[in-house]
Amino acid sequence: MTVSEKRKLRKEQKAIELAEARATAKLDRIKPATNATFNALFALLSFVCLFPVFYVIMISVSSEESIRTHGYALWPETFSSAAYQFLWNERGTISHALLISVIVTVVGTVIGVLLTTSMGYVLSRPQYRLRGFFNWVVFIPMIFNGGMVANYVVVANMLHLNDTIWCLILPLAVSSFNVIICKTFFRTTIPDSIIESAKIDGATQLTIFSRIVVPISKPVFATIGLFLTFGYWNDWFQSSLYISKNNLVSLQALLNNMMKNLDYIANNPSAGLSLQQYRNSMPSESVRMAIAVIIVIPIACAYPFFQKYFISGLTIGAVKG
Amino acid sequence: MKKEKTAASAQVRPKRARWTRDDTELTLLGLPATIWFAVFCYLPMFGLIISFKDFRLAPGKGFLASLFQSDWCGFQNFNFFLSSNTFGMLLRNTLLYNLVFIVINLVIPVTLAIIINQLYSKFASKCYQTMMFFPYFMSWVVVSYFVYAFLNPDKGLANNIITALGGEKVMWYSAPAYWPFILAFMSTWKSLGYNMVVYLASITGIDGTLYEAALLDGATKWQQAKYITIPSIKPMIIIMFILNIGKIFYSDFGLFYQVTQGVPNSLYNVASTFDTFIFQNLRTNGMSIGQIAAAGLFQAVCCCATILLANFIVSKLDSDSAII
C-alpha cells in the first residue's frame, strides 16, 4: 500500500467514525423545545452577569443634570463626557495609581511564578530526600493559618513593610494551592527519562528546571501567571490594611477610597477655581462610575482569551496528587 | 561485591539513598519559596502567642521587645471574646451564611453544568460560559459599585422601578431584612460561572461510552444524569465540599464588607462576620490586639478541626475521595 492509499483509508475511516458519532449524538439529543428553553435560560443568566457593566458605563456617561432629575437611568436623557474629562484633568493621580497597579501586578506575578513553580518542581521529584518535609511545609498553611491580625503584626511590626510597595507584593506571592497545581502538573506531564538524561549530560537541577522544565510546561506557567495577575490587579485588601501614604495607592484602592470620600481624587483645580469650588464642580456621581469602568475594561477585554488557562489550571488542581 | 549490592538496593528503594548532589540542588531551588512560607505563613502562626498575652506597647521599645515583656494572661483574651455579646451573633451569621452559600454554590452550578452540556450548539455554550465567567474577575470593590448603582436610595435602579410602579422607596442600606438575600444573590452571581465551569470540566471528562451504553438500554436524559453524570463527578463535588467546609468559620471579607459599604451600623447584625468584626476592630482599635488575635486563633482552630473532621468522615464513607 502506498502512503497516499493509507492516508485515504484513514480519512475514510475517520469520516465513518464521525458520522457514527453524529448519529448517536442526534439520537441522544434533547428535544428542540427543551433546547430552546435552556438557551433562553442561559441567555438570561448571561444577561444578568453582564448587565451591571452596561449600566455602570451608562451612568458614567450621563450628564450630572440627567442624574439629578432621573436618577441613574439605563439610557440617560443627556449624555456627557464630563466624568472622563474630569478624570483626564486628574490624570496625574489616575496614571500614578495605574502605574502602581501595573508595577505591583508585573513584579508580583514574576516573583510569584518563580517561587511557586520552583517549589512545585522540587515537590514533583520522586527521588528527593526532603520531599516529605517540604510537602508538609506547603500543606499545613492550607488547613491552618495565623489569621489577619498575626499577618498584620508580622508584616507591619516585625518586617516593617507597611507603606512600602513590598507589602502589596510579597504577602500574595505564593499560595499552597498554586504550588500543588504545579506539583501535579510537573509530575504528570514531565517524563522522568528526560530529566535523567539531562542529569547524565551533567546538567544541574537549576539548568534542568530553567532549560527543560520551563519550556515544556508553558500551560502551567500561563495558568499560575494568570491566577496571580488577576489576584494582584484586583487586590484592594492589602492596600486598605497597610497603605496610608497617597503615593502608593493603586487603582482598586483609589476606587475604594472614593467610595468613602468623594473628594479624595479632586486635587488639581483648573485655573481660576479654588479647591473647594473645584470639588463642588466635580461630576461626582458619574466620576465614581467612570473609575470603575476604567478598572473593568482591561479585564473585560482580556479575560475571554485567558479563560481556558484558568479552567485548565482548575482541572489540574482537582486531580489528587 | 558489597558495593554493588548497596548500589542495587539503592535503585530498588530510592528513598534509602544517600544524600546526593541532586538533593542539595533541589533544596537550594526550593529554598526561596520555603523562606517565603516561613516568613508569611509560619511566623504569623508563631505570632499567635500574642493572643495569650496582655500586650502593651512598652514606651521606647520595639514591638518584639514589648511582646516578650508583656505578661502572659492565659485564656483571658479568649474568654473576653467568647463571652462578649457579639460572639453569638457573629457565629450565627458566619455559619449560616456559609451553609447557605455551600448549598447554593453546589446545587445550582451542578444543575447548570449538566444542562449546558446538553445544548445543541457548542458555540453558544462557549459564549454563555464566557459571559457567565465574567463576574468572577471583578474585585469586590468594583462589585460594590455595581450594587450601589442598583441600590442607591435616591437614584438607583431598584428604587426607580419601585417608584415607577407606584411603590415606596426602600432605604436599602438601612433595611436589614433584605440583606441576607442580597448577600446570597451577590455571592451566587459572582461565582456561578466559575463553579459551573469547574463542574462542566469534570463532566466533559466522563467516558462517552458510558452514555452510549445507557442509550442502548433506553435510559432517559434524567436517568443518565442521575446514574452516570452525578456519580462520575462525585469526587469533584466532594473536593469542593471539603474545601468549602474548611472555610466555614471564615467569610468572604469583600462580600460582607464592600457590598454593604463597610457594614454600617444599621446592617451590623445581619452583615457582620468574624472577618468584618476583626477588621473593624483592627482599624478602629476597638479591642486590644491580643483580643483580636484571640478571635483570629479561634477561627483558625475551628476551621482546622472542621476540615479534619470532614475529611475523616468522607474517608470513612469513601476512602478514595478524601483529600488528605
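The values are calculated or read from the model by the stated rules, or taken from the named source; none is laboratory data. All values reported here derive from a predicted model rather than from experimental measurement. Here Cβ is always computed from backbone atoms with ideal geometry, including for glycine, and neighbour counts include all displayed protein chains.
In the range B:159-184, how many residues are more than 10 Å from chain A (Cβ to nearest Cβ) and in a helix (DSSP H, G or I)?
Adding up the residues that qualify gives 15.
Can you pull out the residues in the range A:143-168 that are assigned to a helix (DSSP H, G or I) and within 7 Å of another protein chain (Cβ to nearest Cβ)?
Once the filter is applied, which keeps residues that are assigned to a helix (DSSP H, G or I) and within 7 Å of another protein chain (Cβ to nearest Cβ), the range A:143-168 yields A:143, A:147, A:148, A:149, A:150, A:151, A:152, A:153, A:154, A:157, A:158.
Which condition number does residue B:238 fail, the rest of (1) in contact with a Phe, Trp or Tyr (Cβ under 9 Å, 6 or more places away or on another chain); (2) assigned by TED's automatic domain parsing to the domain that holds residue B:300; (3) not in a loop (DSSP other than H, G, I, E, B) being met?
(1)
Does residue A:140 satisfy the condition of being assigned by TED's automatic domain parsing to the domain that holds residue A:103, part of a helix (DSSP H, G or I) and either modelled with pLDDT under 90 or crowded, with 18+ Cβ neighbours inside 10 Å (or both)?
no
Could you check residue A:146 against (1) more than 23 Å from residue A:213 (Cβ to Cβ); (2) surrounded by fewer than 24 Cβ atoms within 10 Å (Cβ to Cβ) and say which number it fails?
(2)
Has the range B:67-75 got any residue that is within 12 Å of chain A (Cβ to nearest Cβ) and modelled with pLDDT under 85?
yes
Is there a residue being facing chain A (nearest Cβ under 10 Å), out of contact with any Lys or Arg (no Cβ under 7 Å at 6 or more places or on another chain) and under 23 Å from residue B:175 (Cα atoms) anywhere in the range B:221-231?
Looking for residues that are facing chain A (nearest Cβ under 10 Å), out of contact with any Lys or Arg (no Cβ under 7 Å at 6 or more places or on another chain) and under 23 Å from residue B:175 (Cα atoms), one finds none in the range B:221-231, hence no.
Taking only the range B:311-324 into account, find how many residues are surrounded by fewer than 20 Cβ atoms within 10 Å (Cβ to Cβ) and either away from chain A (no Cβ under 11 Å) or part of a helix (DSSP H, G or I) (or both).
8
Can you tell me which residue is surrounded by the most Cβ atoms within 10 Å (Cβ to Cβ) among those in the range A:36-82 that are in contact (Cβ under 8 Å) with a residue 24 or more places away in the chain and under 22 Å from residue B:133 (Cα atoms)?
Restricting to residues being in contact (Cβ under 8 Å) with a residue 24 or more places away in the chain and under 22 Å from residue B:133 (Cα atoms), the top hit is A:56.
Being farther than 23 Å from residue B:84 by Cα, of a type in the set (S, T, N, Q) and crowded, with 21+ Cβ neighbours inside 10 Å narrows it down to one of B:273, B:260, so name that one.
Selected residue: B:260, the only one of B:273, B:260 that is farther than 23 Å from residue B:84 by Cα, of a type in the set (S, T, N, Q) and crowded, with 21+ Cβ neighbours inside 10 Å.
Can you say whether residue B:102 is within 30 Å of residue A:46 (Cβ to Cβ) and either of a type in the set (Val, Ile, Thr) or not in a helix (DSSP H, G or I) (or both), as far as the supplied structure shows?
yes
Just checking, how many residues over the range B:23-39 are within 7 Å of chain A (Cβ to nearest Cβ) and either touching a residue at least 40 places away in the same chain (Cβ under 8 Å) or more than 13 Å from residue A:174 (Cβ to Cβ) (or both)?
5
I'd like to know if the range A:71-87 contains one or more residues that are farther than 25 Å from residue A:177 by Cβ, hydroxyl-bearing (Ser, Thr, Tyr) and within 13 Å of chain B (Cβ to nearest Cβ).
yes
Mind listing whichever residues of the range B:126-158 are within 8 Å of chain A (Cβ to nearest Cβ), free of Cβ contacts under 8 Å to residues at least 12 places away in the same chain and closer than 30 Å to residue B:238 by Cα?
B:127, B:130, B:137
Hey, which of the helices (runs of 4 or more DSSP H) in the range A:179-244, taking only ones fully inside, have at least 1 residues that are within 11 Å of another protein chain (Cβ to nearest Cβ), under 30 Å from residue B:282 (Cβ atoms) and among the aliphatic types (A, V, I, L, M)?
Qualifying helices (runs of 4 or more DSSP H): A:237-242.
With (1) part of a loop (DSSP other than H, G, I, E, B); (2) among the small types (Gly, Ala, Ser); (3) surrounded by fewer than 19 Cβ atoms within 10 Å (Cβ to Cβ) as the list, and residue B:266 as the residue in question, which single condition is left unmet?
With respect to (1) part of a loop (DSSP other than H, G, I, E, B); (2) among the small types (Gly, Ala, Ser); (3) surrounded by fewer than 19 Cβ atoms within 10 Å (Cβ to Cβ), residue B:266 is out only on (1).
Restricting the range B:299-310 to residues that are at the interface with chain A (Cβ under 9 Å from one of its Cβ atoms) and more than 15 Å from the chain's Cα centre (by Cα), which is farthest from residue B:47 (Cα to Cα)?
Per the stated criteria, the residue is B:308.
Go over the candidates B:129, B:118 one by one and state the one that is outside any helix (DSSP H, G or I) and crowded, with 16+ Cβ neighbours inside 10 Å.
None of the others qualify; the one that does is B:118.
Say whether the condition of being in contact (Cβ under 8 Å) with a residue 24 or more places away in the chain, not aromatic (Phe, Trp, Tyr) and not in a helix (DSSP H, G or I) is met by at least one residue in the range B:213-222.
No - not one qualifying residue is present in the range B:213-222.
Condition first: outside any helix (DSSP H, G or I) and under 28 Å from residue B:86 (Cα atoms). Can you find one or more residues in the range B:287-303 that meet it?
yes
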